[in-house]
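The values are calculated or read from the model by the stated rules, or taken from the named source; none is laboratory data. Being a predicted model, the structure only gives us computed values, none of them experimental. Neighbour counts are summed over all protein chains in view; Cβ atoms, including those assigned to glycine, are modelled from backbone coordinates with ideal geometry. Please note that ligands, DNA and RNA were not included when accessible areas were found on the heavy atoms of the full protein model with its side chains. Shrake-Rupley method; radii C 1.70, N 1.55, O 1.52, S 1.80 Å.
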Amino acid sequence: MKNIKYIALFFGLTAVIGCNEPEDVLKGTNIEPIIDMTPELTSGSADFSKYVAIGASFTAGFADGALFKATQINSFPNILSQKFEMLGGGTFTQPLMNDNTGGLLFNGSRAPNGAFGPRLYFNGSGPAVLPGDPTTEATTVVSGPFNNVGVPGAKSFHLGINGYGSLNPYFGRMASTPTTSMIADAVKQSPTFFTLSEIGGNDVLAYATSGGSGKDQKGNFDPSTYGTNDITDPNVFAASFSASVDALVANGAKGVVTNVPYIASLPHFTTVPYNPIPLNAGTASQLNAGYAQYNGGIQYALSQGDIDATEAAARTINFKASATNTMVLVDEDLTDLSKYSLPNYRQSTVNDLFVLPLSSFIPQGYGTQIPLDDKWALTPQEQLAIKNATDAYNVTIAAVASAKGLALVDFKGILTQASTTGIPSGNFTLTAALVTGGLVSLDGVHLTSRGYAVLANKMMQAIDATYGTNFEASGNFVSAGNYPTNYPSTLK
């Protein structure tokens, strides 16, 4: 159905006043009817009457290092549900937090080491932890069922674990029963449409954010033996992802899945440069004196044939008067020279990545007097392990999506574009730059509310292409510029 709008040039006000019918107005005037060709919104072959979102932190609306009410309201599933409601979609429920401080309490107390703490805010110079304590009690179970089964921290093989709420407090506070699983809680709602998003991200992310301090479990098919920071074996991922999709589509539901982005597209790993140390001549000389004995040991190992000249050069520590000195780090992939009591030191290169929290420790001497432990850096070998796993996960996701007729969103491509050319969005060009880019939140990993709006549009675009809906053609994309990129410290 087309809407016809008339635009008239009224030359005589008295002629208009005397008219009672629209036709009277049109007579004798110079009018061109303008036809609005925008079609009505249609559902195509999709049924949106019962929408369930399942996934990890992105699905939950996690941002700025925490889960809090404002970003849950602006989560991409909630944005999508408002559009689906126009096509018969029902109420969309979420396990909302109690506040906009973010974080969890455990029997009234804060978790140790800052875990589950308040959100970050921009203090004028960079991200800072919001003062105050959370008010959301992890042990208080909220009443569901919930259409948004997004659980921060969930890995692929966690989705089907019965009793997962005892392992993850975010799911514990929303689980329908103590013995249920994420997939079971999603399936029991009999969804007609679902989103299964960012599954696989946490299977490599914990390894990445820990600086590769976990283990690549490729070849180990028993996830019960994995450590928290380990990389999931691609076969374990494939079995878990396929089982989750099979459960969701068993009753004919349609849906959208996303692939996994590269961690090198995220500012958590690209903000700290490899050469951030400014030194004057005196300080550089003092540091070189401190590493003189180590350098001598490297030359001795070279003379004994334990290492070659290339490795000896890479392991030799040398600072200079410059604004851009590299950092000393521990690289476990170097030749073991412990028989000479020599640690595995080398200086950073452009091929290394560093986790965002390191930025606050560099002024304390980290990278100079204090060599960087494994947890601060991702070496090229560690990055390759992450990339190989990510690529394998994405092959599975694409194959399953194709076999089941699901829409596929190229989340990897979205973040790659954001980290290179930027994403045009209305009057903005969103990038992956920390603080200023607009797409990625202050924790350097999760999206801003504006970023989640962009993701919602990308999902609607994929739904259009797969199921014949017309969200884009009917003008029903959301305006990302209407969503915030950060939240003030005053929002509690």
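Below are the figures for this structure:
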item	result
If the convex hull is drawn through the Cα atoms of the chain, its volume per residue in Å³	207 Å³
Accessible surface ranking that places the most exposed of Val142, Val409 first, with a 1.4 angstrom probe	Val142, Val409
At R0 = 25 Å, FRET efficiency that the Cβ-Cβ distance of Gln369 and Ala309 yields, to 0.05	0.35
Accessible surface ranking that places the most exposed of Thr91, Thr429 first, with a 1.4 angstrom probe	Thr91, Thr429
Val52 accessible area, assembled protein chains, probe 1.4 Å, Å²	0 Å²
Surface accessible to a 1.4 Å probe, Asp308 within the full protein complex, Å²	90 Å²
Whole-percent carbon and sulfur share, accessible surface of the chain, 1.4 Å	54 percent
Solvent-accessible area per residue for the chain (1.4 angstrom probe, square angstrom)	44 Å²
Area accessible to solvent at Tyr226, 1.4 Å probe radius, in Å²	30 Å²
Rg(Cα) / (2.2 N^0.38 Å) computed for region 99-220, rounded to two decimals	1.20
Over region 343-492 - Rg/Rh using Cα atoms and the Kirkwood inverse-distance radius	1.06
More than 15 angstrom apart: percent of Cα pairs within region 230-297	77 percent
Potential lengthening between Ser176 and Tyr340 on full extension [0.36 nm per residue; Cα-Cα distance subtracted]	53.2 nm
Estimated FRET transfer efficiency (Phe361, Asn107; beta-carbon r; R0 30 Å; 0.05)	0.40
Computed label-point distance, nm, for sites Gln82 and Ala398 using a 7 Å Cα→Cβ extension	3.4 nm
Two-decimal Rg to Rh for region 288-382 - Kirkwood Rh, Cα set	0.96
R0 of 30 Å, Cβ-Cβ distance Ala250-Lys218: FRET efficiency to nearest 0.05	0.50
Length released on extending from Gln381 to Ser474, taking residue separation times 0.36 nm less the Cα-Cα span	28.7 nm
